[in-house]
Structure formats: structure tokens, C-alpha cells
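Inspection log for the structure reproduced underneath, given as C-alpha cells.
Just so it is clear, none of the values below were taken in a lab; they were calculated from the coordinates. If you're wondering where the values come from, they're calculated on a predicted model, not measured in any experiment. Every residue, glycine among them, receives a Cβ derived from its backbone with ideal geometry; neighbour counts consider all protein chains shown.
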Amino acid sequence: MILALVVLTALAFDFTNGFHDTANAMATSIATKALRPKTAVALSGILNLVGAFLSVEVALTVTNAVVKIQDKTGAPKAELLADGGNGLMMIILAGLVGGIIWNLLTWLFGLPSSSSHALFGGLVGACVAGLGWAGVNWNGDGSKLDGVVGKVLLPAVLSPVIAALVAAVGTWIIFKITAGIAARFTDKGFRWGQIGSASLVSLAHGTNDAQKTMGVITLALIASGHWSDLENIPLWVKVSAAVAIALGTYLGGWRIIRTLGKGLTDINPPQGTAAQSGAAAVILASSHLGFALSTTHVATGSVLGSGLGRPGATVRWAVAGRMVAAWMITLPAAGLIGAVTWWVGDAVGGMAGALVVFALLVLASGAMWLRSRSGRIDHENVNDDWDGSPDLAAVPTPVPAVAAN
Amino acid sequence: MHNFGFALSGAWQVLLAGLALGAGLPILFALGIRSLAWGAGEASVNPSGVTAPGPRRPLGTATGYLLFAVVVLGVVLGITFIVAGGFGYKMSFEHIYPTFIAK
């Protein structure tokens, strides 16, 4: 029964992961009107689905990067299974809740923060609460890039800079090359360039992020004794995780798409091509080299870089600063929510504890969804001019979405 | 601070690969667009205000499509790379052309 709640919560996290990250691939194509908003999210959703199935590589050890609840083979640590795995499942549940609530909160403010970091943060917080500080893999064992520092903090600082540099160089040279060419050539050409590169980012996202949920669900199945194969992931887990992330992507986190596509800088098709190609290349290169980074940080960095590289473009540094602030607090904030959730669940105890935690999650999500109805952003107004529109991050009073007319 | 060293060496490689592919391919793409535009001939506006297309330059058109083909090849390689990784294979470029080796 606790297992069912964990699976449901993990799929819910996967879903928020999807709609939180639609922007990474599609914000630029939507902003330049290379694709209609609905077409863009549908394309991205399908590619995420395909990507999730392409990644058959076992992702069972995903939590090992930041916490110590599994051994190297992916099996849960024996001492955590003494109570039938319930203790371990409460940690996973609390961690997932931390990740979901932080994802929803940042979505409400239209901030592109990293879903992986939210998940890792939630797990770290739940482990600190449940197992103490030693339950967290802070710095790795020195043999490779590992731990909270190596897998989360350092890549978070480095990857936006790398992506920004690549996109800035690409944009700058593209504008040099295409200066003075008739718009009918550049518009059509770069439209396809954008669609192609954005598709690549979507596909890479599906292969990377859906895996994490699959790994977490399978861990819970093993902990509760419902699965024992460490080499494979049950088919239904794969299918449900792939569908959840694809549906989430299709729903589209319009608030975040708007911030990334219109808020950071004003993008035109050549810039979009450069930004999205840069993002795709950096994501692929880094996953090949085992350099764990967040799709979100890369995409944001490359959009910023394309704004820096185009002569005469302006970057809204206030928006960029707010994003960076959100990135910096993602890990501790999701961790805090994860820890508090674990304490609540543990205080109530057992099955009832898990139910209380789940009810709290539903309540919090519902409240944030209701809050989003005022000043709502969807596929119809996602491209409105940024300047002069109500500022998402600072709406003290609800702004009616539709004026009386 | 061993992690710091690992991160910096990783970051360098990602940056180089990112510049080669992430900036290189779009630059080829832009060159392709430039060639196409050149191949279509220079339009001129005659005294009566009517725009007349100039003589076509097939070489430019051909070069343009050739460059696009190179870009598409690069993208196909990228996708193959993801798919191969998912199925437990690694792409190796030690023979210059890509070969698959089991991980």
C-alpha cells in the first residue's frame, strides 16, 4: 500500500518533470513562431516518449549520486530493509514530495529550475532527516566526479557558463555569415534549423530524465520485495514513466516557456538555432563524458548566450538573476521540504504516515494549481510582449487573465 | 577538493565538444543558407520599381545543399549516439568513421 503511494508520487514527479522542462527544448521555437505553441509541445511530448523508451540502460543506481541508500549494484542497503522496507520507502516518498512541491512552486513563479536538482534535493533532505548527515553522499569517494558537490553543485555552476559560451560564439558567427542575406532565405532556413535542434534536445531529455523516475520506482519495488532483478526494469514501470513524462511535456509549462522564450532576451530564428544546437551538443557531450548536468541549466545558459552573441540584443539581467537565485536555493529548498515531509510522515508513523504525507502533497499541489489560475499563462498568451506585462514573480494581487470584454 | 579537478577537466572537454558540434554545425548551416541565397542570384530593382531576379548560380545552390547534408549527417550521428548508448553500445571514432562497440 505504501508502495502504491510511492509509485503514484514518483509518476507525479515524472509528470512535473515533463512540464517543467518543455521550455528547455521548445521555448525558443515557440518564441520565434517556428512552431505553433500546441504543435511544439506535441512534438516535444512525442520525442520525450520515444526518448524514454530508447534509454534501456538500467538507471537503478540513480540515487547513489547523492545519497547512501543503495549499494553499488543498485540493491537497497540491507540495514534499511530490516522493517520490510517501509523506512526506506518513507525516505523515497518524502524525497519525491520535496521534488514535486519545489517543481510546482518554481513553475508558479515561471522560473526554469532543474527538476533533477529538485529530486536530488528532496532525497538529500529526506535522508538527512531519516538517516542523519552521514546518509548523504556529500563529496564522493575521490575516485570520480561524485556526490552532492560533484554531481550537483559544480555542474550547476559550470554548465550554464559552458552552454552560454557555445551559444554566444555560434550566434555571433551566424550573424556575421548571414548579414545582408534576404530574409526569405534566413527565415525559412533557420526555422528548420530550430525545429531540428529543438527536437534533438527533446529526445535527449526523454532519455535522461525518464530514467531517473524508472530507477526510483524500481528501487521502491525492490525494497518492498516485489522485484529482485537488478539488471532490468519492469516493463510497466518503463511504460508508465515514459507516458507520464510525455503527458507532462505535452501539458507544457507555459509559464516557464514564457520566461525562457520571451523574458530572458528577445530571440529570432538564427539565435534560436544557435541556442538549441549549443544546448543539444553540450547535453550529449556531457552525458557521454559522465559529466552530470541539468538540461534546464544548459538550455537557460544557451538562450542567455544567444542574447549575448547577437549584436544589439539585450539580456534582461534581472530575470537572469532571479533564475540563478532559484537554482541556488533549489537543492536546500527541496531538501527542506523533503526533510519536513519525512518528519511529518515519521511522527504519524507507518501506513497512516504515508497517507498523511500523500494528502499533504495533494493539498499543496491543488493550492498551487488554484493560485496559478489567476494570471494564467497558456498557449494563447505565451508569446505576449514581456515588457509591460504583469510580472509573474511579483504578483501581490491576482491579475485577471481576461479583461472584461 | 578532488571533485573540483574532475569537474574542471570534464568541463573543458564538454566545452570543446560543444563548440565543435554546437557552434560548428549551425555555422555550416548558416554557410549553407548563404550559398543558397548566392545561388539564387542577385535580385535587382529596375528603374520602374519591379524586382527582377538575377541569373542563377548552380554552384551556390549545390554547395548550399551539400552543407545542409553535412549538418543533417551530424544530427543523424547525434541521434545514433543517443540510441546506441541506450542499447548498451558505444560509438567509437577511432577508425574515423563511426563503429559500434559493446560497452
- The aspartates and glutamates whose Cα lies under 14 Å from the Cα of A:Lys238, excluding any fewer than 8 residues away in the same chain, are A:Asp14, A:Glu57, A:Asp209
- Message: Just to confirm a number: summing +1 for Lys and Arg and -1 for Asp and Glu over residues other than A:Ser115 whose beta-carbon lies under 14 angstrom from that of A:Ser115, what do you get?
- Response: -2
- Pairing the Cα long axis of helix A:37-54 with the longest principal axis of chain A, what angle in degrees results, from 0 to 90 and rounded to the nearest 10? 40
- Message: As I understand it, the value is the acute angle between the Cα axis of helix A:86-108 and the longest principal axis of the Cα atoms of chain A; what does it come to in degrees, rounded to 10?
- Response: 20
- Task: Any chance you could give the angle, 0 to 90 degrees and rounded to 10, that helix A:295-309 forms with the longest Cα principal axis of chain A?
- Result: 20
- Okay, helix-only estimate at 222 nm for the protein assembly as shown: each DSSP H run of n ≥ 4 adds -39500 (n - 2.57), divide by all residues, round to 500 deg cm²/dmol; what do you get? -22500 deg cm²/dmol
- Sum up the charges of everything whose Cβ sits under 13 Å from the Cβ of A:Leu47, counting Lys and Arg as +1 and Asp and Glu as -1, but leave A:Leu47 out. -2
- Item | Förster radius 41 Å - calculated FRET efficiency between A:Arg373 and A:Ala183, Cβ distance, rounded to 0.05 | 0.55
- Query: Which lysines does A:Lys151 reach when only Cα atoms under 17 Å apart count, and residues fewer than 8 places away in its own chain are ignored?
  - Reply: A:Lys68, A:Lys72, A:Lys212
- Task: Give the cross-link partners of A:Lys38 among the lysines, using a straight C-alpha distance below 22 Å as the criterion and excluding same-chain residues fewer than 8 apart.
- Result: A:Lys188, A:Lys262
- Task: Determine the gain in length on full extension of the stretch B:Val70-B:Phe4; use 0.36 nm per residue of separation and subtract their C-alpha separation, reporting nm with one decimal.
- Result: 20.1 nm
- Task: Principal axes first, then extents: for the Cα atoms of chain A, list largest minus smallest coordinate on each axis, whole Å, largest first.
- Result: 71, 53, 34
- Calculated FRET efficiency for the pair B:Ser48/A:Val362, C-beta based, R₀ 60 Å, to 0.05: 0.25
- Message: Once you keep just the Cα pairs under 8 angstrom separated by 6 or more residues, what percentage relative contact order results for segment A:2-380?
- Response: 36
- Work out the length of the dipole vector of segment A:2-380 about its Cα centre, built from +1 on the beta-carbon of each Lys and Arg and -1 on the beta-carbon of each Asp and Glu, and round it to the nearest 20 debye. 1460
- Within the set of other residues whose C-beta is less than 15 Å from the C-beta of A:Thr28, count the net charge using Lys and Arg as +1 and Asp and Glu as -1. +3
- Query: What's the extension gain from A:Phe109 to A:Lys72 if we count 0.36 nm per residue and subtract their Cα-Cα distance?
  - Reply: 9.5 nm
- Query: Counting partner chain Cβ atoms within 10 Å of every residue's Cβ in A:167-178, what's the average?
  - Reply: 5
- Task: Please give the contour-minus-distance gain from A:Leu8 to A:Asp229: 0.36 nm per residue of separation, less the Cα-Cα distance, rounded to one decimal in nm.
- Result: 77.4 nm
- Message: Check which residues have an amide H placed less than 5 Å from A:Val67's amide H, if you skip close sequence neighbours.
- Response: A:Asn137
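Quote the FRET efficiency, to the nearest 0.05, computed for A:Lys144 versus A:Val239 with a Förster distance R0 of 51 Å and r equal to the Cβ-Cβ distance. Write down the numbers at each step before the final one.
Working: r = 32 Å, r/R0 = 0.63.
FRET efficiency, A:Lys144 to A:Val239: 0.95.
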- Where the centre of each part is set by its Cα atoms, how far does segment A:229-257 sit from segment A:98-152, in angstrom? 20
